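Q: Here you go, one structure.
The values are calculated or read from the model by the stated rules, or taken from the named source; none is laboratory data. Here the structure is a predicted model, which means the values were calculated and not measured. In this analysis, Cβ positions are derived from the backbone assuming ideal geometry, glycine residues included, and neighbour counts consider all displayed protein chains.
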Amino acid sequence: MQDSTVAVLGQTNFTPLDWGIVLVYLSISLVIGLFVRKYVVDMTNYIGAGRAIGTCLGIATMTGTEMGLVTVMYSAQKGFTGGFAAFHIALVAGIVTFLVGISGFIVAKLRDTEVLTIPEYYEKRFDRKTRVLGGIMLALGGILNMGLFLKVGSIFIVGVTGLSAQGWALPLVMTTLLILVLVYTTLGGMFSVVVTDYIQFVVLSVGLLVATALAIQFIGWDNLFNTVAAEMGPAGFDPFAAEGNFGLEYVLWMAFTAGLVSCAIWPTAVARALAAKDSQTVRKQYMFSSISFMVRFLVPNFLGIAAFVYIASQAPELKAAFFPAAGGEAVNNLYAMPILLGRMIPAGLLGLISAAMIAAFMSTHDSYLLAWSSVITQDIIAPLRREDMSAAARIKCTRIAIVAIGVYILYWGLAYKGRDDIWDYMAVTGAIYFTGSFAVLVGGLYWKRASSTGAFMALLSGIFAITGLGPVQEMLGWNVSGERIGLMTVLFSMIVMVVGSLLFPDRAESTQALQETNLYRQTAEEV
Amino acid sequence: MESWMLFWKVIFFIVLALFAILSVWVTIGGFRDLQYLFRKMEEEQQEAAKKQASQT
């Protein structure tokens, strides 16, 4: 990297005072993890917080989990590249979550089944092999999906602190944050996650609102709209514009992924529904959470737009780094938003906002680590073992899985060289799980004739989503958009579920059908 | 383009205002929920300790 670029990226208001604020915050989180350890007496407490979470705490913890730093970063990236048109993601996510809350679609019915995880439901409704496969697909898609979280979160920290040009900074920040999250997640389980999520919700809400107000003041309200209009034209506002980054197919894909999947299929969100007091609490929780589901995209989109406008209209030295002349190497646009915050927010307040963002980072990591590790224990290892696992053995196994996943995300963050957009990478890897799971959950909860073979086949069909990844497409010689492949995989999984269930009904159902047939014959003979 | 611009301005302010209200409500209500959660966990912990004592 050129010396001039290093100097440009190093400009920040971040001071030792801000480092102090961040360190105090991180220490508080660690102490809480240690403090609540004493309450973990069984697996329900460890992964379900004793099923005693009220509406407000449910909203706080759901928002804390789903408004992660990775969401903030990729949404800012979407705002940076797509302008105000990217707001459609927030809008459809909020509307769909609200509709799920009103109707109770999937989540309320799932809560009524009293299961702790989605694969556990697969066994209750279908059979053990469906549960194990569901667990494997979930762990595979989920762990791959969070593979870049650590790196992207650390990019924020090195960007805001002005260390982005230093080669040693990123691995160091990644390792430090990982160790911290691992310590308090392995110790306290869901209980420490819920408690820290609450604190993180409070800090993050204030941080986001303050950052938004400062961005408007720093750049100017009219300047934001005028610059986007001048630089991007109608595509900067209209998500359906032909020359833009989105389009109808993309909006539909967002309604499914950012809307339905995020709140009703994705296990970290569903875990909050399953930990709620009852299905009525779940519905209320979702209706109110729809606001924070909108905000988690909208505010970062806005900060990304602000970074774009700042770079395009007020910082020519950054413009040269982010939009170099033909042939030059551009700085990764993920750095744009943290660099803006580092220059815009005064010292002291910058530490608080950074603590809020690190809060977002940690609240996502702890929940994701706990979700995937508990799936590995509860839905893969325990069902495959011949003898029963004790509560202590399950907790120990979950803790080992948490550490193993942590080591993987550190390795993957450092080693993965894919050029996919972060959001595309996440949507595709997540789709390995959620396309099949959507078909199985809807089929299982709402269709009596859904069979275990149909469910098994539908889960497997989700693997086709991987063809949406850039390197895989290059290998196959394809050039199909990720959203098209995602939507096609959803449709394919639904068809497979229906056809598989009709062709291979469950034995009990077959027996019942056979009995009905025999009864019909008997009655016919009697007549 | 003008209508989209106006639309996003309205959406932006409505969502931010709702979020500010929600944040205050959840901060207060969440604190109460946490107190209830701590109480419940304390009771369960005591029950578990009693069970263990009676077994030994």
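Q: Can you find even one residue in the stretch A:354-373 that is in the same structural domain as A:S75 (by TED's automatic domain parsing), surrounded by fewer than 22 Cβ atoms within 10 Å (Cβ to Cβ) and over 27 Å from A:L491 (Cα atoms)? Break it down into steps so the answer makes sense when it comes.
A: Taking the stretch A:354-373 first, the residues in the same structural domain as A:S75 (by TED's automatic domain parsing) are A:354-373.
Okay, now just the ones that are also surrounded by fewer than 22 Cβ atoms within 10 Å (Cβ to Cβ), so none.
Checked against the condition, which is being in the same structural domain as A:S75 (by TED's automatic domain parsing), surrounded by fewer than 22 Cβ atoms within 10 Å (Cβ to Cβ) and over 27 Å from A:L491 (Cα atoms), the stretch A:354-373 yields no hits at all.
Q: Looking at (1) within 30 Å of A:V480 (Cα to Cα); (2) surrounded by fewer than 22 Cβ atoms within 10 Å (Cβ to Cβ), which is the only condition A:A269 fails?
A: (2)
Q: Hey, another quick one. Listed residues A:A269, A:A264, A:A255; which is in contact with a Cys (Cβ under 7 Å, 6 or more places away or on another chain) and either in a helix (DSSP H, G or I) or modelled with pLDDT under 85 (or both)? Before you say what the answer is, go through the steps one by one.
A: Numbers: A:A264 fails: in contact with a Cys (Cβ under 7 Å, 6 or more places away or on another chain); A:A255 fails: in contact with a Cys (Cβ under 7 Å, 6 or more places away or on another chain).
Going through A:A269, A:A264, A:A255 in turn, the sole match is A:A269.
Q: Please identify the pairs in which a residue from the stretch A:225-246 that is hydroxyl-bearing (S, T, Y) has its Cβ atom under 6 Å from the Cβ atom of a residue that is modelled with pLDDT of 90 or more, counting only partners at least 6 apart or on another chain.
A: These pairs meet every condition: A:T227/A:V309; A:T227/A:A312; A:T227/A:S313.
Q: Is it true that A:A306 is assigned to a helix (DSSP H, G or I), at pLDDT 90 or above and surrounded by fewer than 24 Cβ atoms within 10 Å (Cβ to Cβ)? Reasoning before the result, please.
A: Numbers: assigned to a helix (DSSP H, G or I): yes; at pLDDT 90 or above: yes; surrounded by fewer than 24 Cβ atoms within 10 Å (Cβ to Cβ): no.
No.
Q: I'd like the full set of residues that are among the aromatic types (F, W, Y) and at pLDDT 85 or above, limited to the stretch A:152-182.
A: A:F156
Q: Can you tell me how many residues in the stretch A:272-297 are of a type outside the set (F, W, Y), within 14 Å of chain B (Cβ to nearest Cβ) and assigned to a helix (DSSP H, G or I)?
A: So the answer is 12.
Q: In the stretch A:212-243, what count of residues is obtained for those that are more than 11 Å from every other protein chain (Cβ to nearest Cβ) and in a loop (DSSP other than H, G, I, E, B)?
A: Qualifying residue count, the stretch A:212-243: 3.
Q: Output the number of residues of the stretch A:420-429 satisfying the condition of being in a loop (DSSP other than H, G, I, E, B) and out of contact with any helix residue (DSSP H, G or I) (no Cβ under 6 Å at 6 or more places or on another chain). Show your work before the answer.
A: We begin by selecting, within the stretch A:420-429, every residue in a loop (DSSP other than H, G, I, E, B); these are A:420-421.
Add one more test, that the residue is out of contact with any helix residue (DSSP H, G or I) (no Cβ under 6 Å at 6 or more places or on another chain), and what stays is A:421.
Looking only at that region, the number is 1.
Q: Of everything in the stretch A:233-257, what is hydrophobic (A, V, I, L, M, F, W, C), under 24 Å from B:L6 (Cα atoms) and crowded, with 23+ Cβ neighbours inside 10 Å? Give them in sequence order. Don't jump to the end; show me each part of the working.
A: As a first pass, look at the stretch A:233-257 and keep what is hydrophobic (A, V, I, L, M, F, W, C): A:235, A:237, A:240-242, A:246, A:248, A:251-256.
Still in the list and also under 24 Å from B:L6 (Cα atoms): A:235, A:237, A:240-242, A:246, A:248, A:251-252, A:254-255.
A:F237, A:M254 - these are the residues of the stretch A:233-257 that are hydrophobic (A, V, I, L, M, F, W, C), under 24 Å from B:L6 (Cα atoms) and crowded, with 23+ Cβ neighbours inside 10 Å.
Every residue, every condition in (1) in contact with a Ser or Thr (Cβ under 8 Å, 6 or more places away or on another chain); (2) in a helix (DSSP H, G or I); (3) more than 18 Å from A:L148 (Cα to Cα), yes or no:
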site: A:I353; (1), (2), (3): no, yes, yes
site: A:L369; (1), (2), (3): yes, yes, no
site: A:D379; (1), (2), (3): yes, yes, yes
site: A:P383; (1), (2), (3): no, yes, yes
site: A:A393; (1), (2), (3): no, yes, yes
site: A:T398; (1), (2), (3): yes, yes, yes
site: A:V407; (1), (2), (3): no, yes, no
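Q: Considering B:I28, B:I11, B:I21, which residue is more than 8 Å from chain A (Cβ to nearest Cβ), in contact with a helix residue (DSSP H, G or I) (Cβ under 9 Å, 6 or more places away or on another chain) and either at pLDDT 90 or above or loosely packed, with under 13 Cβ neighbours inside 10 Å (or both)?
A: Of B:I28, B:I11, B:I21, the one residue that is more than 8 Å from chain A (Cβ to nearest Cβ), in contact with a helix residue (DSSP H, G or I) (Cβ under 9 Å, 6 or more places away or on another chain) and either at pLDDT 90 or above or loosely packed, with under 13 Cβ neighbours inside 10 Å (or both) is B:I21.
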